[in-house]
Amino acid sequence: MAADRRAKAATLDLRRRLLSSSCRLFFPENPVKIIRGQGQYLYDEQGREYLDCINNVAHVGHCHPTVVQAAHEQNLVLNTNSRYLHDNIVDYAQRLSETLPEKLSVFYFLNSGSEANDLALRLARQYTGHQDVVVLDHAYHGHLSSLIDISPYKFRNLDGQKEWVHVAPLPDTYRGPYREDHPDPAGAYASEVKHVISSAQKKGRKIAAFFAESLPSVSGQIIPPAGYFSQVAEHIRRAGGLFVADEIQVGFGRVGKHFWAFQLEGEDFVPDIVTMGKSIGNGHPVACLATTQAVSRAFEATGVEYFNTFGGNPVSCAVGLAVLDVLKTEQLQAHATNVGSFLMEHLSQQKAKHPIIGDVRGTGLFIGVDLIKDETLRTPATEEAEYLVSRLKENYILLSTDGPGRNILKFKPPMCFSLDNAQHVVAKLDDILTDMEEKVRSCETLRIKHPPEHPTLTQAWGFV
């Protein structure tokens with residue numbers, strides 16, 4: 001295509017002139033121009049191959065032929081809205097129902113995770129007759145106005161916290177108030193939610209829902225302590241609210257042991273609403289919400305039709321079915337367990353070797369590496385993380401950071417990410433961290449010999 005032959009500088013110039021600067025690029029100082037993807041790899045305009053460690057949208061691999069073929073074949077026949085009878089939408093709903101607890105038996109199809117979470121908010125309010133929402137600190141649930149309001153990650157930098165939003169502490173056992181040495185971190189963090197609910201009720205507020213990612217991702221790849229969500233659900237339901245599990249980043253087998261991340265909490269734990277997006281369509285805009293008959297009937301009782309022009313169209317459902325087929329035939333859930341365990345083990349070995357690695361946490365192919373400046377205070381190593389990600393990019397590995405301190409290396413690769421890929425990334429990570437440590441030692445030597453000329457740590461690493 002002609003656009004593929006355009007020089008990267010020209011593409012960047014057009015983007016800067018035509019797109020808002022709020023639509024940010026990865027590596028803004030030297031962005032990558034990607035023109036092709038295959039499996040767990042992306043290719044730039046020069047044909048250089050990059051290992052993609054962060055694209056959880058291309059869940060079964062970039063441009064998977066089975067998914068591409070399904071979309072193409074259905075496009076050749078029909079694509080229209082869901083007001084006509086069509087097998088794809090009911091086949092897809094049935095296939096999804098087979099992965100979920102029996103109670104979650106009603107499906108709504110949409111185009112994005114944001115749409116799904118917005119609908120979840122509407123359903124919860126209609127069912128309960130309440131307005132307020134409890135969320136976790138640093139959470140992000142989507143870009144619509146209704147979701148910015150329940151996303152501390154965003155609203156703290158905008159209009160602030162609305163009176164109907166109540167924020168509970170993030171159940172972070174590494175950096176939060178109740179850590180790995182606490183005898184019952186799950187109970188302690190759940191009690192914080194109970195306290196938040198009680199405080200709201202004393203002000204005359206009524207809780208409609210508790211929203212949480214089953215594994216908080218933007219918050220820093222957090223693994224909540226076992227039993228936390230079950231106890232939270234008890235507190236929320238006692239207050240008359242619903243439990244909404246946001247699986248948009250972590251569902252569809254990514255955690256390895258289970259198809260859904262909320263299932264890590266045990267068989268008896270069933271959310272009232274589950275939202276899905278991103279990985280559900282492998283890059284095609286598909287989303288879904290699953291809920292109970294009771295919640296759906298309350299929504300239907302308004303008499304107001306729910307219609308989504310493109311939600312559940314035949315092409316989107318064909319793509320969704322194809323993704324489920326690939327997950328099954330290629331055994332990608334088991335693959336996530338095997339490769340994720342291997343990656344966790346080798347990253348933990350690096351933790352023992354490099355003091356900057358404070359914590360390695362995760363399950364399946366959802367892993368976070370927490371970089372720290374010191375072991376006692378666990379101060380986020382923000383600049384170091386940025387530098388490390390930049391160096392990895394120079395080695396054709398795409399990784400990024402998350403968390404309030406932007407110091408968590410996040411691994412959420414396509415599910416076809418291999419053992420060789422994991423070994424390669426860890427080896428490069430080791431090389432770069434070793435180089436960083438050698439530069440720091442050189443810097444310390446200079447400070448001892450020539451204090452006035454001692455460069456800052458940032459200068460030693462080449463930031464400036």
Practice prompt. Determine which aspartates and glutamates satisfy two conditions relative to Lys8: a Cα distance under 15 Å, and not lying fewer than 8 residues away in the same chain.
Written response: Glu29, Asp44, Glu45
Discussion item. Please compute, over every Cα-Cα pair in the chain, the percentage with a separation greater than 30 angstrom.
Written reply: 49
Discussion item. Nearest 5 percent is fine: what portion of the DSSP beta bridges confined to the chain is antiparallel?
Written reply: 65
Discussion item. Quick one: 3J(HN,Hα) in Hz for segment 74-91, Karplus 6.51/-1.76/1.60 with θ = phi - 60°, rounded, Gly and Pro as x.
Written reply: 6, 4, 5, 9, 6, 9, 8, 7, 8, 7, 9, 5, 7, 5, 4, 5, 6, 4
Worksheet item: Based solely on its DSSP helices, what 222 nm [θ] is calculated for the chain when runs of n ≥ 4 H residues each add -39,500 (n - 2.57) and the sum is averaged over all residues, nearest 500 deg cm²/dmol?
Response: -12500 deg cm²/dmol
Worksheet item: Can you pull the percent of the chain's accessible area that's carbon plus sulfur, 1.4 Å probe, other chains left in place?
Response: 50
Fill in: Whole-Hz ³J(HN,Hα) from phi, Karplus 6.51 cos²θ - 1.76 cosθ + 1.60, for segment 395-403, glycine and proline x
9, 6, 10, 9, 9, 9, 10, 8, x
Worksheet, complete the sentence: Taking a probe of 1.4 Å and leaving out DNA, RNA and ligands, the chain shows per residue an accessible area in Å² of 46
Discussion item. Ranking request for peptides 413-419, 301-307, 251-257: highest mean number of other beta-carbon atoms within 10 Å first, then the rest in descending order.
Written reply: 251-257, 413-419, 301-307
Worksheet item: What whole-number value in cubic angstrom gives the convex hull volume per residue for the C-alpha atoms of segment 1-157?
Response: 206
Fill in: Overall dimensions of segment 198-284 by Cα: Rg and Dmax, Å
14.0, 45
Practice prompt. Please state, as a whole number in µm²/s, the translational diffusion coefficient that the Stokes-Einstein equation yields for segment 228-373 at 37 °C and 0.692 mPa s, with Rh defined as the Kirkwood radius across alpha carbon pairs.
Written response: 184
Item to complete: Could you pull out every one of the lysines with an alpha carbon less than 29 Å from that of Lys439, ignoring same-chain neighbours closer than 8 positions?
Response: Lys351, Lys353, Lys373, Lys393, Lys410, Lys428, Lys449
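The values are calculated or read from the model by the stated rules, or taken from the named source; none is laboratory data. No experiment lies behind these values; they were computed from the predicted model shown. Every residue, glycine as well, gets a Cβ built from its backbone with ideal geometry; the counts of neighbours run over all protein chains shown. Accessible surface is based on the protein model in full, side chains and every heavy atom, while ligands, DNA and RNA are left aside. Shrake-Rupley method; radii C 1.70, N 1.55, O 1.52, S 1.80 Å.
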